[in-house]
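K.L.:
Questions regarding the structure given below will be posed in turn.
The values are calculated or read from the model by the stated rules, or taken from the named source; none is laboratory data. Worth saying up front: this structure is predicted, and the values here are computed from it rather than measured. All Cβ positions, glycine included, derive from the backbone under ideal geometry; neighbour counts span all protein chains shown. Only protein heavy atoms, including side chains, enter the accessible area calculation; ligands, DNA and RNA are left aside. Shrake-Rupley method; radii C 1.70, N 1.55, O 1.52, S 1.80 Å.
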Amino acid sequence: MSNAYDLIVIGSGPGGYIAAIRASQLGMKVAVVEREHLAGICSNWGCIPTKALLRTADVMHTATHAKDYGLVLEGAMKPDIKAIVARSRGIAARMNNGVGFLFKKNKVDIIWGEAKITKPGEIVVGKSTKPVVQPQGPVPKNTLGEGTYTAKHIIIATGARPRALPGIEPDGKLIWTYFEAMKPEEMPKSLLVMGSGAIGIEFASFYRTMGVDVTVVEIMKQVMPVEDEEISAFAKKQFDKQGMKILLEAKVAKVEKGANSITATIEKKDGSVEKITADRMISAVGVQANIEGIGLEAVGVKTDRGFIVIDGYGKTNVPGIYAIGDVAGPPMLAHKAEHEAVVCVEKIAGVPNVHATDKNKIPGCTYCNPQVASVGLTEAKAKAEGRDIRVGRFSFAANGKAVALGEDQGLVKTIFDKKTGELIGAHMVGAEVTELIQGFVVAMNLETTEEDLMHTIFPHPTISETMKESVLDAYGKVLNA
Ligand SMILES: Cc1cc2nc3c(=O)[nH]c(=O)nc-3n(C[C@H](O)[C@H](O)[C@H](O)COP(=O)(O)OP(=O)(O)OC[C@H]3O[C@@H](n4cnc5c(N)ncnc54)[C@H](O)[C@@H]3O)c2cc1C
């Protein structure tokens, strides 16, 4: 078989595998080099297995509140961590196999191993530095291995890995990254989570619901620092009520390891110091891009602050070399990687009217309890940009469906440009907001104004009605509050 391709993609995460499929659909001869597992971090160690764990937490939460729904649940319910992890790992494996099936269907070749670009248009694949997890079931017959391959175009989609703070490096036993947090052998009694971004707070939420004594330490003045301040404060109140201990404007300065526990020294903004002992600690201080060892220096691909520099179409400064997904910078989200993949490949193929990725319209979702979802500018950012704005709010407490579901703790906040009426930001906290936010994403993509939204009929009874009421509130027309 010839080693020459139209496109070779390095990495089979949501960026890489979507790029390969779209390229194949557009008639290119495509291969993907993967060193570990099909479907990348997202399906194996990120988005999907965490959502499986959080689903268990949802069921546990609902079951422990059975009485509120008029149900008598006899006997104590307790988590079986081995079964919970087995379910989550099984779902991850199913996703991984699914990508194998899609590659077969779309005639995408898999090259197993570690890829390095040696010159524009050439990749050398060496022995993998990671244990390869072959998918079960239908994989392309023509899987390839070590060797030299050529391609007219190369897309780098090598993703990211956990960031470590010097002196507080994860050891996989007492200090976990998301890898160990995803498959604990036993449930810790107490847990310290360093960092309250999406990854940290999702694990904090899962373990707290499982009955673990959870402390979250966040250096910024709010949990989930990228979210709107009001939404973060609302979510924090719920976490407080659930018994999560949250220290804001506080820093883990030192960690001492015991035989089966850690003791962290926490420095607070007011100068006080607190020592916290916990069975385990999760380091969730962000991720860093996998830019090393892939030949970027040899071919002169530009990086900035640890990420590959690209334009809105994934092009690097070197002709024929592109980058997408986590390796090409924030937001580090699977749907951003997938969108960049399609934009990049369609641009390469010369598809007409391809739009550059607009980072202002990428939604962000956090699946803690309560869920948080947003798109566009926060109130603080809109003000910092000097925008004249109108802000609307609506509480779940005044929504019939939310009350009927027993989920009346939530808030929707919408931000409009006062001059044009354009929706420039939407922020939500509460049940199922990660499903609802897409309504506002579509609206923003269509450059919708308040008038369009007010003329839109939302079904009753649904939690989505809070979205319309928030818009009405921004214009002094709210009906149910
Ligand atoms: C715990 C957790 C939860 C998350 N939850 C969400 C969520 O709910 N929603 C969301 O949108 N995002 C979530 N994310 C982020 C999401 O997983 C990433 O944004 C996404 O996986 C990025 O996709 P990617 O294709 O850029 O890279 P990755 O998914 O990281 O894939 C990169 C692939 O490249 C391979 N690779 C790397 N170097 C080489 C090489 N030299 N040769 C060959 N192969 C190589 C790797 O093995 C890997 O398979 C989560 C992440 C984590 C860690």
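K.L.:
In the chain, what percentage of the DSSP-assigned beta bridges are antiparallel, given to the nearest 5?
P.N.:
60 percent
K.L.:
Still on this model: If the cut-off is 27 Å between C-alpha atoms, which lysines fall inside it for Lys401, apart from same-chain ones fewer than 8 positions away?
P.N.:
Within the straight-line cut-off, Lys401 pairs with Lys51, Lys67, Lys236, Lys237, Lys241, Lys413, Lys468, Lys477.
K.L.:
Using per-residue counts of other Cβ atoms within 10 Å, averaged over each peptide, order 152-163, 372-383, 75-86 from highest down.
P.N.:
So the peptides 152-163, 372-383, 75-86, ranked by packing, come out 152-163, 372-383, 75-86.
K.L.:
May I pose another question? Report, to the nearest 10°, how far helix 81-105 tilts away from the longest principal axis of the Cα atoms in the chain, using its own Cα long axis and a range of 0 to 90°.
P.N.:
40 degrees
K.L.:
Please get the size of the charge dipole for segment 370-474, origin at its Cα centre, with Cβ charges of +1 on Lys and Arg and -1 on Asp and Glu, quoted in debye to the nearest 20.
P.N.:
280 debye
K.L.:
Given a 1.4 Å probe and every protein chain left where it sits, what share in percent of the accessible area of segment 175-285 is carbon and sulfur?
P.N.:
Here carbon and sulfur together make up 51 percent of the probe-accessible area.
K.L.:
If you rank Thr64, Thr357 by how much accessible surface each has, with a 1.4 Å probe, what is the order from largest down?
P.N.:
Ranking Thr64, Thr357 by accessible area, largest first, yields Thr64, Thr357.
K.L.:
I've got another one for you. For the chain, give the magnitude of the charge dipole about the Cα centre (Cβ charges: +1 Lys/Arg, -1 Asp/Glu; no others), in debye to the nearest 20.
P.N.:
Once rounded to the nearest 20, the dipole reads 940 debye.
K.L.:
Compute the long axis of helix 198-209 from its Cα atoms, compare it with the longest principal axis of the Cα atoms of the chain, and write down the angle in degrees, 0 to 90, nearest 10.
P.N.:
Between the helix axis and the principal axis of the chain, the angle is about 50 degrees.
K.L.:
If you don't mind, there's one more thing I want to ask. So for segment 370-474, averaging the separation of alpha carbon pairs under 8 Å that are six or more residues apart and normalising by length, what relative contact order in percent results?
P.N.:
It comes to 34 percent, rounded to a whole number.
K.L.:
Return the carbon/sulfur percentage of the accessible area of segment 1-106, one whole number, probe 1.4 Å, all protein chains in place.
P.N.:
Roughly 58 percent of what the probe reaches on segment 1-106 is carbon or sulfur.
K.L.:
Continuing with the same structure: Count charges around Ile84 for me, please; just the other residues with Cβ under 15 Å from its Cβ, Lys/Arg as +1, Asp/Glu as -1.
P.N.:
Cβ neighbours under 15 Å give a net charge of +2.
K.L.:
While we're on this one: Heavy-atom accessible area per residue, segment 175-285, 1.4 Å probe: how many Å²?
P.N.:
That works out to 43 Å² per residue.
K.L.:
Could you tell me which of rounded, prolate or oblate describes the chain, using a ≥ b ≥ c as the square roots of the eigenvalues of the alpha-carbon gyration tensor, with rounded for a/c under 1.5 and, failing that, prolate when a/b is larger than b/c and oblate otherwise?
P.N.:
oblate
K.L.:
Can you give the net charge of the other residues whose Cβ lies under 13 Å from the Cβ of Ile424, counting K and R as +1 and D and E as -1?
P.N.:
Net charge around Ile424: -1.
K.L.:
Separate question: Peptides 143-150, 9-16: what's the order by average Cβ count within 10 Å, highest mean first?
P.N.:
9-16, 143-150
K.L.:
Here is a further query. Can you give the angle from 0 to 90° between the axis of helix 229-241 and the longest principal axis of the chain, with both taken from C-alpha atoms, to the nearest 10?
P.N.:
Orientation of helix 229-241: about 70 degrees from the principal axis.
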